[in-house]
Amino acid sequence: MRTIFYLIRKEFLQIFRNKFISKAVFAIPILQMLILVPAITFELKNVKLAIIDKDMTPESRGLINKLDGSTFFKIAFSTFSEDEANNLLLRNKCNMILEINPGFGKDIGNGKQGKLLATIDAVNASSAELTWAYFNGVIRDYNTDLIKENIITNPVVPFPRIEITNRYWYNELLNYKYYMLPGILVILVTAIGFLLAGLNMVREKEIGTIEQINVTPVRKYHFIIAKMAPFLLIGLTDLALGLVIGKIAFNIPFEGSILLMFLGSTIFLIAVLGVALFISTFSGTQQQYMFVAFFCMIIFILMSGIFTPYESMPIWAQDFNLINPVAYLMRINRMVMLKGSTIYDISRELCSLIIIAISFTTLAVRRYRKTA
Amino acid sequence: MIKAIESSGIAKSFGPTKALDDITFSVNESEIFGFIGPDGAGKTTLFRIITTLLLPDKGNMKVLGMDATSDYKELRKNIGYMPGRFSLYQDLSVEENLNFYATVFGTTVKENYDLISDIYSHIEPFRKRLAGKLSGGMKQKLALSCALIHKPRLLVLDEPTTGVDAVSRSEFWDMLSKLHQHNITIIVSTPYMDEAIRCDRVALIQNGKILSVDTPQNIRAGFSRKLFTVKSVEKYKLIKTLRKNPEVLTAYPFGDSIHVTLINDASDNFLLGYLVSEGISDAVIQEAKAGIEDRFLELMEKGIKA
């Protein structure tokens, strides 16, 4: 036990003697939170419209006003030339073209169907679908208005309708920041766990200090634990720092237990440190380690469900996520912070993390050789 | 009497390269045992096997009566190892390094201070300085202090004097001689022949094979031929001319002179006559006593021919 204590003390001494790392370890979470949380958003605003109004009737102008009045659409261009509109779409000057054919107003006046042609830039498929959905919403409103007017002029016809009242639970205002912040916290902790400890280990190999340690009676697990502990503490400190920033800068709601979140992150950090130290036993240089670790980290993060819902991934990807510690913490953080989930709700995630943590740490200890 | 090291038939290959081949030798307790050989001879590989860092492919290595492969845990407590490359923590201070290695071995600096005081007192004024900022000679003293801090029974020094100035080298050997009093067995490797004389016994090692093990005096005495030193102003022409003659067995440059052996141990008169006939009139020839280096070169020559 005493040996572990001395080894850990040595690690801390080295970390805090390194002027750059000791500052960066605390500056990075602040920057990351302040930049990423407000920047990464899937909310769609200001879809730029190019309008080709070949009808020029009160009805067509009414529709255009309706679109312009919604928060999603902005009339960027009005033209009569289809070529010009297509060109605008091609040059990314607008995201959507709406063409109103002559006779639109007349048809509506005669009680016939009015016809529109919408062309949407679908390079980004999900934003195209969202645009389409918003557009449909506006048209539906416009339709209802028309029907209302008709009922007033022709009150004999009864008009059945279904009304839906919806409520968005856990994030009532659909504030995207609330969704992203727990995820960004995961990335933060992942980066600390993945990069620092592994690099530290490989550095000892590179400069040869590990040779001197290997001839001492220091046990393998002593050494691995001493490499993990400082970065576990730094990771948790950064998490606390991130949460404070979330509260002050973004007023993020915190429904669940903070302790539970720290418990999850502790187990997660042990798991990630285990993976990192396991990789470090294969690498002879910091360059080799960086390359492999970066690759693993990107895969873990992008597959974790931070941007895209976990459930909509292909089955094999969901199976992969069984060994992806980042995916578990992503769910734990969001459930605890936004839903106020209890330890029973996240027990499956916690247990899986514990299994990953034990397996990789054991692998790292076994793979680390004091004798070649 | 128990031997500090008993090596029998040790072999180690890295891929197709045979680093060590059938290494057999033994080191007595509390002697200074030197391994002398050029770079790439296999000295570091052998030391890594002795210090339990490397497993041999074949053979049996007994260190302090323990097997280097199976009793490595117990053995590590009793070995002090100073690798060829400075491998203490450069971002820790002198004092922190020493304390760290003391605690890792479960002891304190105070407890064994008498052992290192001679060496450590040189660097103690700089104890707050980072190890990376020390000069070469001071780094070496710190490394030796750290290797000794747990009072090891065997001290393994891999090329401790490489890259160190001549004065520090001599100082370093004085320190090793003093350690003798503490009953510590020391094995040391070096590429410098002149340091061999400071060992109790030396092993000449080349291409993974031990050529000879003996006291420095006996190794020198083992030189089998008459040795001449030849001097001339035109050294390059001299060595070329000497090597041309079929009677000349070897001609190696040694500082400002050339060491020559002759096939039939002919007299120096023959040599002088030959040189004059070749146009080198200022040559001075003397019969000399062979040094370790001469013996080593002779053994190498035999090894290549064999």
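The values are calculated or read from the model by the stated rules, or taken from the named source; none is laboratory data. Quick caveat, the model's predicted, so the values are computed rather than measured. Because the Cβ atoms are built from the backbone with ideal geometry, glycine has one as well, and the counts that use them run over all protein chains shown.
Points worth noting:
- Among the residues of this structure, A:Val189 counts as one that is under 18 Å from the mean Cα position of the chain (by Cα), crowded, with 22+ Cβ neighbours inside 10 Å and under 26 Å from A:Ser283 (Cβ atoms).
- Of all residues in segment A:246-262, those that are among the hydrophobic types (A, V, I, L, M, F, W, C) and either closer than 19 Å to A:Leu174 by Cα or assigned to a loop (DSSP other than H, G, I, E, B) (or both) total 4.
- Filtered by the rule that a residue be within 19 Å of the chain's Cα centre (by Cα), more than 18 Å from A:Val25 (Cβ to Cβ) and either within 14 Å of chain B (Cβ to nearest Cβ) or in contact (Cβ under 8 Å) with a residue 24 or more places away in the chain (or both), segment A:204-258 gives A:Gly246, A:Ala249, A:Phe250, A:Ile252, A:Pro253, A:Phe254.
- Exclusive hit being free of Cβ contacts under 8 Å to residues at least 60 places away in the same chain and either in contact with a Leu (Cβ under 9 Å, 6 or more places away or on another chain) or not aliphatic (A, V, I, L, M) (or both), set B:Asp114, B:Asp118, B:Asp158: B:Asp114
- Residue within segment A:265-282 that is part of a loop (DSSP other than H, G, I, E, B), within 26 Å of A:Thr342 (Cα to Cα) and touching a Lys or Arg at 6+ places or on another chain (Cβ under 9 Å) present: no
Okay, residues lined up against (1) of a type in the set (Gly, Ala, Ser); (2) touching a residue at least 24 places away in the same chain (Cβ under 8 Å):
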| position | (1), (2) |
| --- | --- |
| A:Leu44 | no, yes |
| A:Ile52 | no, yes |
| A:Asp55 | no, yes |
| A:Lys93 | no, yes |
| A:Glu99 | no, yes |
| A:Pro102 | no, yes |
| A:Ile108 | no, yes |
| A:Val123 | no, no |
| A:Ser126 | yes, yes |
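- Screening the candidates B:Ala196, B:Ala251 for the property of being in contact with a helix residue (DSSP H, G or I) (Cβ under 7 Å, 6 or more places away or on another chain), buried (at least 19 other Cβ atoms within 10 Å of the Cβ) and part of a helix (DSSP H, G or I) yields one hit, B:Ala196.
- Helices (runs of 4 or more DSSP H) fully within segment A:283-372 that include at least 3 residues being surrounded by 16 or more Cβ atoms within 10 Å (Cβ to Cβ): A:286-303, A:325-334, A:347-367.
- For segment B:81-110, taking the residues that are touching a His at 6+ places or on another chain (Cβ under 9 Å) and more than 8 Å from chain A (Cβ to nearest Cβ), the one that is surrounded by the most Cβ atoms within 10 Å (Cβ to Cβ) is identified as B:Ala102.
- Segment A:192-234, residues that are surrounded by 22 or more Cβ atoms within 10 Å (Cβ to Cβ) and of a type in the set (Gly, Ala, Ser): A:Gly193, A:Ala197, A:Gly198
- Flag for A:Ala197 being more than 14 Å from every other protein chain (Cβ to nearest Cβ) and either of a type in the set (Val, Ile, Thr) or assigned to a helix (DSSP H, G or I) (or both): yes
- Among the residues of this structure, A:Leu90 does not count as one that is over 34 Å from the mean Cα position of the chain (by Cα), hydrophobic (A, V, I, L, M, F, W, C) and either on the phi < 0 side of the Ramachandran plot or assigned by TED's automatic domain parsing to the domain that holds A:Asp141 (or both).
- Residue match in segment A:238-256 (condition: within 18 Å of A:Arg203 (Cβ to Cβ) and of a type in the set (D, E, K, R)): no
- Failed item, numbered, when A:Glu311 is tested on (1) within 14 Å of chain B (Cβ to nearest Cβ); (2) closer than 30 Å to A:Met335 by Cα; (3) among the acidic types (Asp, Glu): (1)
- Out of A:Gln286, A:Gln212, sole residue that is in contact with a strand residue (DSSP E or B) (Cβ under 8 Å, 6 or more places away or on another chain) and modelled with pLDDT under 95: A:Gln212
- Those residues of segment B:116-138 which are of a type outside the set (D, E, K, R), more than 20 Å from A:Gly208 (Cα to Cα) and surrounded by fewer than 19 Cβ atoms within 10 Å (Cβ to Cβ), in sequence order: B:Ser117, B:Ser121, B:His122, B:Pro125, B:Phe126
- Qualifying residue in segment A:60-81 (condition: of a type in the set (Asp, Glu) and surrounded by 15 or more Cβ atoms within 10 Å (Cβ to Cβ)): no
- Selection within segment B:47-62 - more than 14 Å from chain A (Cβ to nearest Cβ) and not small (Gly, Ala, Ser): B:Lys58, B:Asn60, B:Lys62
- Tally of residues being surrounded by 15 or more Cβ atoms within 10 Å (Cβ to Cβ) and not β-branched (Val, Ile, Thr) across segment A:87-112: 12
- Hey, B:Leu238 in contact with a helix residue (DSSP H, G or I) (Cβ under 7 Å, 6 or more places away or on another chain), surrounded by 22 or more Cβ atoms within 10 Å (Cβ to Cβ) and either closer than 25 Å to B:Thr45 by Cα or outside the structural domain of B:Ser26 (by TED's automatic domain parsing) (or both) or not: no
- Of the residues making up segment A:1-45, those that are among the aliphatic types (A, V, I, L, M) and within 14 Å of chain B (Cβ to nearest Cβ) number 7.
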